């Protein structure tokens with residue numbers, strides 16, 4: 001940072017370096033994402049309405065003499081997941097594939113996108129289907145406190161997902177390989193040592209298959225925890241940027257953010273199930289469904305309540321996430337101490353996250369603090385922790 005620039009001026013200059021056109025494009029993409037949240041709820045309601053009016057799940061449930069049995073509940077739940085995915089597929093293609101390509105954020109072919117969607121849906125049918133079987137069993141057996149037990153079940157599923165995700169699920173979507181020997185791997189090994197992750201769990205993966213975004217992550221818990229950095233970051237980042245970004249991700253792991261969410265998510269699930277218990281009947285009447293709360297053919301009602309409540313709780317969950325992101329930035333600055341590199345790496349994410357939102361927009365919609373705010377924090381850290389002067393040059397004869 002130039003001695004003539006304040007931290008705020010330095011951060012602003014970094015953002016300005018993107019250019020007016022790039023900033024306008026980022027703003028259009030980000031604002032569009034806000035509207036996509038609302039349209040996503042509309043799509044969920046339309047899909048549920050179609051399923052109820054055509055009595056699609058009713059016809060499947062009618063094939064079973066005892067709809068409360070395990071296989072009957074699982075069959076109807078799996079059918080709901082599959083049918084809703086098919087009905088929403090045009091929206092999914094537009095929102096998750098076409099729009100990303102239109103803004104230059106992905107080059108994934110449609111066939112590969114659809115193939116990965118099919119894999120994701122197959123996993124959902126197995127795991128979410130079994131979870132729903134458990135929820136319906138609790139509704140039938142636990143009485144009025146079923147929502148409390150269902151929140152606990154959501155917590156168990158979250159922990160299982162954290163354990164199984166990195167070794168079993170994530171490799172179904174990307175190819176993970178050890179980072180080859182060299183200065184990048186050496187730097188990552190030092191960070192791994194700081195957070196207690198073994199060196200054999202440091203990977204690079206073909207993130208460019210789905211997205212051209214600059215990213216890295218530390219995922220999993222216990223024996224499944226690992227560091228993974230996308231090929232996009234390895235190609236586009238300097239060594240200092242790799243260190244700074246990986247230090248940020250390692251901060252999430254070291255500070256126990258995953259455990260924070262493992263507690264918060266079940267609590268939110270309990271609140272959701274409690275409200276669902278109260279809102280199910282009036283919502284079913286609005287949709288024209290005669291299903292009871294304990295019948296899986298009422299899953300479209302679940303989906304509508306869930307999508308609306310999910311939208312309403314977004315500012316809260318975003319605020320919790322932003323707090324964690326700020327803490328991880330500070331961890332990277334303290335341990336890796338690459339403020340310029342952290343700021344420059346963050347600016348590279350501005351293409352898909354407008355760096356100058358209004359305060360209200362940031363509170364409502366942003367999962368991360370604004371890029372300019374994060375760059376400012378890095379520059380303030382740099383100003384408060386100047387690099388030590390190097391040794392004086394020897395006198396020339």
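Measuring from centroid to centroid over Cα atoms, what is the spacing of the range 197-240 and the range 164-180 in Å?
Using only Cα atoms to place each centre, the spacing works out to 10 Å.
Tally the DSSP beta bridges in the range 133-269 and give the antiparallel ones as a percent, rounded to 5.
Numbers: 7 of 11 bridges.
Antiparallel bridges: around 65 percent, rounded to the nearest 5.
How high is the relative contact order of the chain, in percent, with contacts defined as C-alpha pairs under 8 Å that are six or more residues apart? Kindly include the intermediate steps, with their values, before the conclusion.
Working: 483 pairs, mean separation 90.6, N = 397.
Across the chain, relative contact order equals 23 percent.
Highest mean first, how do 98-108, 229-239 rank when packing is the count of other Cβ atoms within 10 Å averaged over residues? Provide the component values of the computation, followed by the final result.
Values: 98-108: 15.6, 229-239: 17.8.
Order by mean packing, descending: 229-239, 98-108.
Mean separation of Cα pairs under 8 Å and 6+ residues apart, divided by the residue count of the range 92-245: what relative contact order is that in percent?
Working: 154 pairs, mean separation 34.8, N = 154.
Relative contact order for the range 92-245 comes out at 23 percent.
Counting DSSP beta bridges with both partners in the chain, what percentage is antiparallel, nearest 5? Before the final figure, lay out each step's value.
Values: 7 of 11 bridges.
Antiparallel bridges make up about 65 percent of those DSSP assigns within the chain.
If I stretch the segment between residue 263 and residue 177 completely, what's the gain in nm (0.36 nm per residue apart, minus their alpha carbon distance), one decimal? Write down the numbers at each step before the final one.
Details: separation 86, 0.36 × 86 = 30.96 nm, distance 3.17 nm.
Contour length minus the Cα-Cα distance gives 27.8 nm.
Roughly speaking, what is the centre-to-centre gap between the range 31-94 and the range 283-349 when only Cα atoms are used, to the nearest Å?
Measuring centre to centre over Cα atoms gives 21 Å.
With runs of 4+ DSSP H residues as the only contributors, calculate the mean residue ellipticity of the chain at 222 nm using -39,500 (n - 2.57) per run, divided by the residue total and rounded to the nearest 500. Don't skip to the end; give the middle numbers.
Details: 16 runs with 260 residues, N = 397.
Taken over the chain, the calculation gives -22000 deg cm²/dmol.
Hey, of (1) 162; (2) 128; (3) 119, which did the structure itself give for volume of the Cα convex hull per residue in Å³ when calculated?
Structure-derived value, by its label: (1).
Label residue 185 and residue 123 with points 7 Å out from Cα along Cα→Cβ: what is the distance between them in nm?
For residue 185 paired with residue 123, the spin-label model returns 2.7 nm.
Hey, rough spin-label estimate for residue 17 and residue 231, points 7 angstrom out along Cα→Cβ, what's it come to in nanometres?
It is 2.7 nm.
Full extension from residue 385 to residue 211: what is 0.36 nm times the residue separation minus their Cα-Cα distance, to one decimal in nm? Each step should come with its number before you reach the end.
Details: separation 174, 0.36 × 174 = 62.64 nm, distance 3.55 nm.
Working it through step by step, the gained length comes to 59.1 nm.
When the chain is treated as a GNM, springs tying every alpha-carbon pair under 10 Å, which of 250, 62, 88 comes out with the largest mean-square fluctuation?
62
List the relative contact order of the range 1-101 as a percent without decimals, with contacts defined as Cα pairs under 8 Å and 6+ residues apart. Could you put the intermediate results ahead of the total?
Working: 24 pairs, mean separation 23.3, N = 101.
Relative contact order comes out at 23 percent.
Please report the orientation-averaged projected area of the range 214-285, defined via the convex hull of its C-alpha atoms, in nm². Could you put the intermediate results ahead of the total?
Values: hull surface 29.6 nm².
In nm², the orientation-averaged hull projection of the range 214-285 is 7.4.
Between residue 28 and residue 116, what is the spin-label point distance in nm, taking each point 7 Å from the Cα along the Cα→C-beta axis?
2.4 nm
If I stretch the segment between residue 255 and residue 70 completely, what's the gain in nm (0.36 nm per residue apart, minus their alpha carbon distance), one decimal? Mind dumping the intermediate values first?
Values: separation 185, 0.36 × 185 = 66.60 nm, distance 4.03 nm.
Separation in residues times 0.36 nm, less the Cα-Cα distance, equals 62.6 nm.
No value in this document is a laboratory result; all are computed from the given coordinates. This one's a predicted model, so the numbers in the text were calculated from it and none came from an experiment. Quick reminder, even Gly has a Cβ in these numbers, built from the backbone with ideal geometry, and neighbours come from all protein chains shown.
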